[in-house]
Each structure stands twice: as structure tokens, then as C-alpha cells.
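This report concerns only the one structure given below.
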Amino acid sequence: MLLHELRWEVVRYCRLMASTGLVRLTSGNISARDQETGLIAVSPTSLAYDEMSPADVVVADLSGRVIDGARRPTSELPLHLAVYADHPEAGAVVHSHSVHATALGLIDEELPLVIINLAGAGGAIPVAPYQTPGTPELAEAAVKAMGNRKAVMLQNHGVVTWGGSLGEAFSLATYVEEGAHIYLAARMAGGSVHKLDEPEARHILDVYHATLAGRGSR
Ligand SMILES: [Zn+2]
């Protein structure tokens, strides 16, 4: 089976996305790009995550042509392909329907860098104006709003994140939801909200990477 390990990884993160409450039922979708071939392993449409196996994951090329797999890919494949086209360094894309981030999208407010775990997002997370799911218009609006960030909220719909790996893209999806939850709670409590600025976000990443490098050299 083509890209067996990558397909397994897509299944694992799909299950994790469901078990951690970022999606319900069959909503949301995940893809990962194989570095060697450039092919995409993407979750299939309309299949319960607990029933999904690697053989159900579809392999497609960057034009959207199915290369391997008996199922149809997610209807949001154009969205995934648009992110890969716009971000050559992207190795994975996660599309969730998490509740608090979607709520923030409804009121058309970006998510500021309110928690340290959002430092990797590249800046405040914007909202893409509503477009019909599964359309090229949605894909276009998402990448346009996202710009150089690694996440975007889709109005009336959900969240898209990307990263160099599935682990990175999934972590960011989790932290976007956590950040939106905390931000909305703070807003309801009243008073001003302390936000991290972009230089501090970069500093957080520098300290984090220096710590990792220090660990590696010991
Ligand atoms: Zn969706």
C-alpha cells in the first residue's frame, strides 16, 4: 500500500481529533504530505473515525487526482491543496470544527496571541469570511485570510492549521481552540486582556529551541 506509514499517521491523528473533542461525528479532515514524492495522504469523506483504517485514507497528487485508495477524499481536498500550494514548507494540514474558535469566527474577531502555546502561529489568527464548504471559493478565502500565519478560522465553520508535521499542525489546532476558549472567558470576565506581541512570540520560540538544543548537546 502506497505511503502506508503516512496513512497510519493520518488515521491516528483523525482519531485523536475526535477523542479530544475538536470535531464531532465525521466532521473535520486531515492530510499529510510525503516529503519524497510530494503526494498527499488525506482522510476520506463521510467515514466514522473509529472505523477508519490506513486503507481508507486516500493518496492524491497536488492537482487533486486520486493516485491510490478506494474511497473518495474529503470534500475539503481543495482547501488542503490550497494550503500546500501557498506554503511549500507545509507537511500537514488539520481542519477541525472546534467550538470556541468557531464562536470567535462568528463575531469576526481575530484570536490574539493570548497564550504562550500560540507563539508558533506566526501572529494573531485571522478569520476568513464565510464561503460554502467544499468549494474553491472557501479554499481561496482561507489561504488569503491566513497569509503568512499557520492558522485561520473559517466563519460559521471551523479552523484550519498547518505545520511541518502532523504533530505540529495538530498541536496548533488544539492550542487555537484552547486560546479561543480562554480568550472568550477573559472577555466575559471583563477588564482588559493582556496579549503577547509578535516579538515576544518569536522570543518564546527562540528560548524554546535553545532549551531543546541544550538538551541535545548534553
Ligand atoms: Zn469543515
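The values are calculated or read from the model by the stated rules, or taken from the named source; none is laboratory data. Please read all numbers here as calculations on a predicted model, not as lab measurements. A quick note on method: Cβ atoms are made from the backbone with ideal geometry, for glycine too, and the neighbour counts reach across all protein chains shown. With ligands, DNA and RNA removed, areas are computed over all heavy atoms of the protein, side chains included. Shrake-Rupley method; radii C 1.70, N 1.55, O 1.52, S 1.80 Å.
Taking every protein chain into account, the 1.4 Å probe leaves Arg33 with about 30 Å² of accessible area, to the nearest ten. Which residues among region 50-74 fall inside the zone where the amide N is under 14 Å from a point 7 Å beyond the Cα of Trp8, along Cα→Cβ? Zone members listed by number: 53-55. Summing +1 for each Lys or Arg and -1 for each Asp or Glu among the other residues whose beta-carbon sits under 14 angstrom from that of Arg15 gives -1. Normalised by residue count, region 71-218 yields a Cα convex hull volume of 120 Å³ per residue.
Computed from Cα atoms, the angle from the helix 77-86 axis to the main principal axis of the chain rounds to 60 degrees. Residue-wise HN-Hα couplings along region 33-43, as the Karplus relation 6.51 cos²θ - 1.76 cosθ + 1.60 with θ = phi - 60° gives them from phi, are 9, 6, 5, 6, 9, x, 6, 10, 9, 10, 5 Hz; Gly and Pro carry x. Tyr13 exposes around 50 Å² of accessible area when a 1.4 Å probe is run over every protein chain in place. Charged side chains reduced to their Cβ positions (Lys and Arg at +1, Asp and Glu at -1) give the chain a dipole of some 280 debye around its Cα centre. Each of Thr102, Val11, Ala85 was placed along the dipole of the chain (beta-carbon charges, centred on the mean Cα), and the one lying farthest toward the positive end is Val11.
Here the Gaussian network model covers the chain, with springs between Cα atoms less than 10 Å apart; of Pro73, Pro126, Pro199, Pro199 fluctuates the most. The modelled label-to-label distance for the pair Arg72/Asn117, using points 7 Å beyond Cα in the direction of Cβ, is 3.5 nm.
Projecting the Cα positions of Leu62, His203, Tyr49 onto the charge dipole of the chain (unit charges on Cβ atoms of Lys, Arg, Asp and Glu, taken about the Cα centre) puts Tyr49 furthest along the positive direction. Principal semi-axes of the equivalent ellipsoid, √(5λ) from the alpha carbon gyration tensor of region 165-218, are 28, 16, 8 Å from largest down.
Per residue of the chain, the DSSP helices (runs of n ≥ 4 H) give a summed -39500 (n - 2.57) that works out to -13500 deg cm²/dmol at 222 nm. Using only side-chain charges placed at the Cβ, +1 for Lys and Arg and -1 for Asp and Glu, the dipole size of region 176-218 relative to its Cα centre rounds to 180 debye. Solvent-accessible area of region 37-158 (1.4 angstrom probe, protein heavy atoms only): carbon and sulfur portion equals 51 percent. Here His203 and Asp50 are evaluated by their C-beta separation; at R0 = 45 Å the FRET efficiency comes out at 0.65. Per-residue accessible area (protein heavy atoms, 1.4 Å probe) orders Arg149, Arg202 as Arg202, Arg149, starting from the largest.
Working note: Karplus 6.51/-1.76/1.60 with θ = phi - 60° gives region 58-68 the couplings 9, 9, 10, 8, 6, 8, x, 6, 6, 9, 8 Hz, where Gly and Pro are set to x.
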